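Nothing in this text is a laboratory measurement; each read-out follows from the coordinates by a stated rule. Keep in mind that this is a model prediction, so the values were computed, not measured. For neighbour counting, all protein chains shown are included, and Cβ atoms are generated from backbone atoms with ideal geometry for every residue, glycine included.
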Amino acid sequence: EVQLVESGGGLVQPGRSLKLSCAASGFTFSNYGMAWVCQAPTKGLEWVASISTGGGNTYYRDSVKGRFTISRDNAKNTLYLQMDSLRSEDTATYYCARHTTLFDYWGQGVMVTVSS
Amino acid sequence: DVVMTQTPVSLPVSLGGQASISCRSSQSLVHSNGNTYLHWYLQKPGQSPQLLIYRVSNRFSGVPDRFSGSGSGTDFTLKISRVEPEDLGDYYCLQSTHFPRTFGGGTKLELK
């Protein structure tokens, strides 16, 4: 059974940093691209970033380019999202998702609140 | 970016009834390889999204045949027949033909 478990969320002040993790199990992690998708409170879904199987290719939505960094450790079956220079508009639930030609499996999500 | 427009925003239904959700894209979703990467998700209250339909009309593993998808080019539809309580929630379309991947704004399926 595919499982994705996010961690690392919380309350952070504007301008500070946070690092999210996503532990994967139930599939061969190194064979799949991965992604982060976010959902602001009471809003819809937005793709944030994606990473290729080996980590050599990364992709970001414009609003997070230069501030967020997606990475992975295939030995640990773990996906990461380093979030720097956080803004209030980054407040959202962040989902880790397996990324093939779509997002087929999702984690339960982790909440990030950016507020002073 | 490709804009995905879902209608209606809210859809009241009766249990056992039918529901139809529309998703329109600002550009054709036909990929250069001939495939159309339009997918449908359901997000039940308090849960993460779950894949229902991939590439327009293919049901994902475990999805009942009450769910069906159709469409082409820029115009797509999700139909739910014999609505059951577990079908209630927010439905989203996703296009993955173009980068960045973009979702529709969502349709809330609720009881009439």
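Please compare each pair in B:Lys44/B:Lys79; A:Lys65/B:Lys108; A:Lys19/B:Lys108 to a cut-off of 24 Å on the Cα-Cα distance and tell me which ones are over it. Walk me through the numbers on the way to the answer.
On the way: B:Lys44/B:Lys79 17 Å; A:Lys65/B:Lys108 31 Å; A:Lys19/B:Lys108 32 Å.
In this structure, A:Lys65/B:Lys108; A:Lys19/B:Lys108 lie more than 24 Å apart at Cα.
Arranged by the count of other C-beta atoms within 10 angstrom, fewest first, what order do B:Leu29, B:Leu109 take? Mind showing how you got there, number by number?
On the way: B:Leu29 26, B:Leu109 20.
Fewest-to-most Cβ neighbours within 10 Å comes out as B:Leu109, B:Leu29.
Mind checking the dipole of the protein assembly as shown: about its Cα centre, +1 per Lys or Arg Cβ, -1 per Asp or Glu Cβ, Debye to the nearest 20? Display every interim value, and only then the final one.
Working: 20 positive and 17 negative charges, 30 e Å.
Here the size comes out at about 140 debye.
Under a Cβ-Cβ limit of 4.7 Å, which cysteines in chain A have nobody to pair with?
A:Cys38
Under 11 Å from the Cβ of B:Ile53, count the other residues' Cβ atoms, weight Lys and Arg +1, Asp and Glu -1, and hand me the total. Intermediate values should be presented prior to the final figure.
Details: positive: B:Arg55, B:Arg59, B:Lys79; negative: none.
With Lys, Arg at +1 and Asp, Glu at -1, the neighbours total +3.
Could you work out, residue by residue across A:103-112, how many beta carbons of other chains sit within 10 Å of that residue's beta carbon, and then give the average as an integer? Mind showing how you got there, number by number?
Details: counts 8, 6, 3, 7, 1, 3, 4, 0, 0, 0.
Across A:103-112, the average partner-chain Cβ count within 10 Å equals 3.
Can you grab the distance from the C-alpha centre of region B:89-112 to the C-alpha centre of region A:8-42, Å, no decimals?
20 Å
May I ask which residue of B:Ser20, A:Ile70, B:Leu109 lies farthest towards the positive end of the charge dipole of the protein assembly as shown, with charges of +1 (Lys, Arg) and -1 (Asp, Glu) on Cβ and the Cα centre as origin?
Highest projection toward the positive end goes to A:Ile70.
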